[in-house]
Amino acid sequence: MNRITGLVLAGGMGRRMESRDKGLVEFRGKPMVAHVIERLAPQVDSLIINANRSLSEYGAFGLPVISDEVGGFAGPLAGLHAGLKACTTPFIVTAPCDSPFLPADLVARLFEALQDNIAELAVAKTGDQAQPVFALYSASLLPSLTQFLASGGRKIDAWYLTHRVVEVLFTDESAFANINTIAELQALR
């Protein structure tokens with residue numbers, strides 16, 4: 001998988017987590033982002049963290065930390081945009097910092113589907129629900145994303161549906177669980 005950069009999305013405001021930086025919230029003895037890094041790192045050639053605050057804390061993980069160029073905490077597309085600009089490989093895969101159970105075969109399955117379907121991006125899907133923050137993108141999509149963001153677009157599915165996309169079914173929905181609130185965090189400890 002030496003053609004794929006991993007991008008951990010940690011650029012949000014954490015509104016549902018009492019405005020705490022979700023990636024740095026402790027879960028089972030370490031920051032949530034550490035779980036994501038451990039699960040994603042073996043699947044990719046290199047990793048980048050997208051963060052818009054707590055930059056030195058994220059930097060302590062020894063990975064490059066990049067911030068959104070689009071202001072105002074514009075969401076995961078702004079993080080993907082920053083990641084694509086920093087990416088030096090033909091592909092980039094995204095995973096959110098608050099999903100510590102992501103599948104160990106996420107990247108392999110997304111990459112295989114992307115290649116088999118001659119797609120520009122592959123998106124994980126559970127049941128009827130697409131999981132657009134768990135996706136593999138061709139780096140060639142940067143100009144399209146730049147234009148979409150410049151026009152005020154922010155909805156990730158509105159952008160990716162304009163491209164050759166393949167959805168990849170994963171049966172273990174719990175692997176894609178996001179820990180968004182203190183209550184969810186306490187229930188899973």
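The values are calculated or read from the model by the stated rules, or taken from the named source; none is laboratory data. These numbers were taken from a predicted model, which means no experiment stands behind them. All Cβ positions, glycine included, derive from the backbone under ideal geometry; neighbour counts span all protein chains shown. Quick note on the areas: whole protein, heavy atoms, side chains included, nothing else; ligands and nucleic acids left out. Shrake-Rupley method; radii C 1.70, N 1.55, O 1.52, S 1.80 Å.
Amide H of Phe134: which non-local residues (sequence gap of 5 or more, or other chain) have their own amide H closer than 5 Å, using H built in the peptide plane?
Ala124
Taking H as built 1.01 Å from N, whose amide H comes closer than 5 Å to the amide H of Phe91, not counting residues under 5 places away?
Under 5 Å from the amide H of Phe91 lie the amide H atoms of Thr5, Ala139, each far enough along the sequence or on another chain.
Among the DSSP beta bridges whose two residues both lie in the chain, what percent are antiparallel, rounded to the nearest 5?
Close to 40 percent.
How much area per residue is accessible in the chain when the probe is 1.4 Å and only protein heavy atoms are counted (Å²)?
Heavy-atom accessible area per residue stands at 45 Å².
I need to check one value: relative contact order of region 57-125, counting alpha carbon pairs closer than 8 Å and at least 6 residues apart, in percent.
16 percent.
Taking just the alpha carbons, could you work out the radius of gyration and Dmax for region 1-149, both in angstroms?
Here Rg and the maximum Cα pair distance are 14.4, 42 Å.
Can you send over the solvent-accessible area of Thr89, 1.4 Å probe, protein chains only, in Å² to the nearest 10?
About 20 Å², ignoring ligands and nucleic acids.
Rounded to the nearest 20 debye, what is the charge dipole size of the chain about its Cα centre when +1 sits on each Lys and Arg Cβ and -1 on each Asp and Glu Cβ?
340 debye
With a 1.4 Å probe and every protein chain kept in, tell me what percent of the accessible surface of region 1-142 is carbon plus sulfur.
49 percent
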